[in-house]
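Input: a single structure, listed below in structure tokens.
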Amino acid sequence: MNASPLQPAQGQPGTKEGQTLYGGITNRRVTVRDIAAAKQRGEKWAMLTAYDALTASVFDEAGIPVLLVGDSAGNCHLGYETTVPVTMDQMVMLSAAVVRGTRRALVVGDMPFGSYQESSSQAMHNAARLMKEAGVGAVKLEGGERSARSIELLAEAGIPVMAHIGLTPQSVHAFGGYPVQGRGDEAAHRLLRDAKAVQQAGAFAVVLEAVPAELAAQVTEQLAIPTVGIGAGAGTDAQVLVWTDMAGMTAGRVPKFVKQYANLRAVLGDAAREFAAEVGAGTFPAPEHTFK
Ligand code: KIV
């Protein structure tokens, strides 16, 4: 049986019992202070995306300490080709659902394309919407040096900010795809500058997406805030995956850095086919599914 979400998990590997990011907290959500303490202890942790209450509740009960309502909802939930069309109203609605479905996880709401690049005051207005209307505990936005002023304003206003550097998918059209970032001396130095700029601006963590493992490990060593890697090797403090990739729900090819821990697409497809076959054969509903 699973441990209750409000009970400390027992004997987590590699950590002192009762002192893990998830297991050490019994009656409140994980906070950015807990995350800072995990970096001090050298505890690695996992983050998953979530876009709805039911899936989020599964991850919350499974002990995932941080859930990101990513704008990857664009590709993975809303049927767009990229994250670019995602709106603030959509992010508020999805984030509120994830908050409602969880009790323990820190929920981070992603700021979609066009919701913060115009000015720091636009960033403040929209980050406040995610906090007030959806109830998230933190927001995430893309960009290093270019987003530092906005991060600073949000952090000063008491809004925890997770930064996101390296491959920033909202810039897919400028990148011309999803190329690995930070290759070569100049690009590596730029990535390091971006990482230091967001730390200096007050970000509590930074996502490093699609960067060479050695560079991500160097950035991790040089920062006091935790790094959250996706396609950034094993040397970061935390790892994030898009849940539909991680669980094998995504159709077609997934990026090289994804490990599929289940094959949900096949499981759901089989269930749907069996249901349809039984309806066709007249064997569903059976007497036990029928009111008398
Ligand atoms: O939107 C998202 O899911 C993300 C993660 C890939 C970090 O930004």
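Derivation of every value follows stated rules applied to the coordinates shown; laboratory data play no part. Note that this is a predicted model, so its numbers are computed, not measured. In this analysis, Cβ positions are derived from the backbone assuming ideal geometry, glycine residues included, and neighbour counts consider all displayed protein chains.
Details
- If the condition is being of a type in the set (A, V, I, L, M) and touching a residue at least 24 places away in the same chain (Cβ under 8 Å), then region 217-247 contributes Val219, Leu223, Ala224, Ile225, Val228, Ile230, Ala232, Ala238, Val240, Leu241, Val242, Met246.
- Any chance Thr250 is closer than 21 Å to Gly79 by Cα, of a type in the set (S, T, N, Q) and crowded, with 16+ Cβ neighbours inside 10 Å: yes
- Selection from region 236-267 of residues that are among the basic types (Lys, Arg) and part of a loop (DSSP other than H, G, I, E, B): Arg253, Lys256, Lys259
- Number of residues in region 91-144 that are crowded, with 24+ Cβ neighbours inside 10 Å, touching a residue at least 60 places away in the same chain (Cβ under 8 Å) and of a type in the set (D, E, K, R): the value is 1.
- Of all the listed residues (Val211, Val219, Val207), the sole one being surrounded by 18 or more Cβ atoms within 10 Å (Cβ to Cβ), within 16 Å of the ligand (Cβ to nearest atom) and within 19 Å of Ile64 (Cβ to Cβ) is Val207.
- Check on Tyr51, over 16 Å from Ala163 (Cα atoms) and not in a helix (DSSP H, G or I): yes
- For Leu68: the one exception among (1) over 17 Å from the mean Cα position of the chain (by Cα); (2) near the ligand (Cβ under 10 Å from one of its atoms): (1)
- The set of residues in region 184-204 that are buried (at least 24 other Cβ atoms within 10 Å of the Cβ) and either in contact with a His (Cβ under 9 Å, 6 or more places away or on another chain) or in a helix (DSSP H, G or I) (or both) comprises Asp194, Ala195, Val198.
- The one condition in (1) touching a helix residue (DSSP H, G or I) at 6+ places or on another chain (Cβ under 6 Å); (2) within 19 Å of Gly158 (Cα to Cα); (3) of a type in the set (Gly, Ala, Ser); (4) within 15 Å of the ligand (Cβ to nearest atom) that Ser147 fails to fulfil: (1)
- Region 268-286, subset of a type in the set (A, V, I, L, M, F, W, C), in a helix (DSSP H, G or I) and over 24 Å from the mean Cα position of the chain (by Cα), residue surrounded by the fewest Cβ atoms within 10 Å (Cβ to Cβ): Ala281
- Looking only at region 71-85, residues that are more than 10 Å from the ligand (Cβ to nearest atom) and either within 17 Å of Gly229 (Cβ to Cβ) or charged (D, E, K, R) (or both) come to 1 in all.
- Out of Thr290, Thr220, Thr283, Thr236, sole residue that is among the hydroxyl-bearing types (Ser, Thr, Tyr) and under 26 Å from Ala56 (Cα atoms): Thr236
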